[in-house]
Amino acid sequence: MKPESRRTVIAGNWKMNFAPSEAKKFIKKTAPLVAGKDACDIVFCAPYVSIDAAVKAAKGTNIHIGAENVHFEDHGAFTGEVSARMLKEVGAEYVIVGHSERRQYFAETDETVNKRTKAALAAGLKVILCLGEVKEQRLAGITDEVVGMQTKLDLAGITEEELKNVIIAYEPVWAIGTGLTATPAQADETCGVIRKVVASLYGKKAADEITIQYGGSMNDKNAAELLAKKNVDGGLIGGASLVPEKFSAIVDAAN
Ligand code: PEP
């Protein structure tokens with residue numbers, strides 16, 4: 001049984017999709033489909049320029065809006081970057097940090113992921129912290145070591161109080177955008193490994209209460225089985241978060 005205080009969170013990662021007008025249209029279409037489905041928190045993480053439109057469209061609904069990344073400095077000479085304070089001001093409540101596409105294409109490391117996480121938490125944002133192994137690491141049998149190390153490095157220096165605003169998204173890199181999904185047993189096992197590492201860092205209560213999502217080709221067909229697992233507390237969803245009916249079916253599975 002999952003503890004009552006552990007929230008299920010179904011979050012969409014729109015990636016580089018949906019300009020402001022499209023974000024608004026999508027939220028207006030999706031809101032009635034997920035209304036009242038309060039057994040989970042519902043979040044869409046939008047491109048920076050679409051956050052304002054998404055926040056306005058989601059006002060008065062049970063949909064929360066987040067960003068897809070954040071810089072670790074508050075302001076200054078960091079061309080092209082956006083700070084946590086700026087995200088707060090436009091109404092973002094969540095931010096994804098450490099997504100594998102950021103690590104892979106934009107050279108983000110556990111060190112910068114940790115700095116971004118700290119800055120976001122300090123500004124009052126909730127963080128969806130992504131980590132997971134690549135295919136070669138799973139084949140080499142070192143998944144547990146990899147996710148354990150990422151968990152420790154990414155959470156370094158974060159207090160137990162701050163941890164209450166952290167969601168971990170376990171995202172095996174080989175399953176993201178590939179149509180390959182971890183089996184429910186694999187997802188449960190690795191989310192369980194991450195929970196054990198959290199327990200070793202913060203104690204059993206914190207580990208029992210932290211939300212650990214699975215992400216990697218979750219969709220309307222496989223969500224129910226994945227979400228039924230003891231250690232899987234929701235999903236971070238890419239492709240299927242762009243289609244209102246698919247996303248709302250995942251929300252239904254969580255309810
Ligand atoms: C993601 O972008 O975090 C993700 C899991 O994508 P997809 O659902 O498309 O695999």
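The values are calculated or read from the model by the stated rules, or taken from the named source; none is laboratory data. This is a predicted model, so every value here is computed, not measured. Neighbour counts are summed over all protein chains in view; Cβ atoms, including those assigned to glycine, are modelled from backbone coordinates with ideal geometry. Accessible surface is based on the protein model in full, side chains and every heavy atom, while ligands, DNA and RNA are left aside. Shrake-Rupley method; radii C 1.70, N 1.55, O 1.52, S 1.80 Å.
Only bridges with both residues in region 8-254 count here: give the DSSP antiparallel percent, nearest 5.
0
Can you sort Asp188, Asp252 by 1.4 Å-probe accessible area, starting with the largest?
Accessible-area ranking of Asp188, Asp252, largest first: Asp252, Asp188.
Tell me what the chain gives for mean residue ellipticity at 222 nm when only DSSP H runs of n ≥ 4 count, each as -39,500 (n - 2.57), the sum divided by the residue total, rounded to 500 deg cm²/dmol.
The helix-only estimate for the chain comes to -12500 deg cm²/dmol at 222 nm.
Counting Lys and Arg as +1 and Asp and Glu as -1, each charge on the Cβ, what is the dipole of region 125-255 about the Cα centre in debye, to the nearest 20?
80
Could you order the peptides 191-198, 135-142 from most to least packed, using the average number of other C-beta atoms within 10 Å per residue?
Result, highest mean first: 191-198, 135-142.
Given contacts defined as C-alpha pairs under 8 Å and at least six residues apart, what's the relative contact order of region 112-255, whole-number percent?
RCO, region 112-255: 22 percent.
Rolling a 1.4 angstrom probe over the protein heavy atoms, how many square angstrom per residue are accessible across the chain?
Using a 1.4 Å probe on heavy atoms only, each residue of the chain averages 45 Å².
In percent, how large is the relative contact order of the chain, given Cα pairs closer than 8 Å and 6 or more residues apart?
Result for the chain is 22 percent.
Report the calculated FRET efficiency for Asn165 and Val243 (r = Cβ-Cβ distance, R0 = 30 Å), to the nearest 0.05.
0.55
Which value, in Å² rounded to 10, gives the accessible area of Ser5 with a 1.4 Å probe and all protein chains present?
Approximately 70 Å² of Ser5 is accessible to the 1.4 Å probe.
Computing the accessible area with a 1.4 Å probe over protein heavy atoms, can you report the carbon and sulfur percentage for region 1-158?
57
Near the amide H of Gly66, under 5 Å away, which other amide H atoms are found, from residues 5 or more places off or on another chain, if H is placed in the peptide plane?
For Gly66, whose amide H was placed from the backbone, the distant partners under 5 Å are Phe44, Cys45, Ala46, Glu93, Tyr94.
If I model a spin label as a point 7 Å beyond the Cα along the Cα-Cβ vector, how far apart are those points for Val134 and Arg7 in nm?
3.4
Gly235's amide H: which non-local residues (gap 5+, or another chain) put their own amide H closer than 5 Å, with H modeled 1.01 Å from N in plane and none for Pro or chain starts?
Hits under the 5 Å cutoff: Val9, Ile10, Ala11, Tyr214.
A 28 angstrom limit on the alpha carbon distance is what I want to check against. Which of Lys29/Lys152; Lys135/Lys196; Lys25/Lys118; Lys2/Lys37 exceed it?
Over 28 Å Cα-Cα: Lys29/Lys152; Lys25/Lys118.
Show His75, His99 ordered by accessible area, largest first, where the area counts protein heavy atoms only and the probe is 1.4 Å.
Greatest to least solvent exposure: His75, His99.
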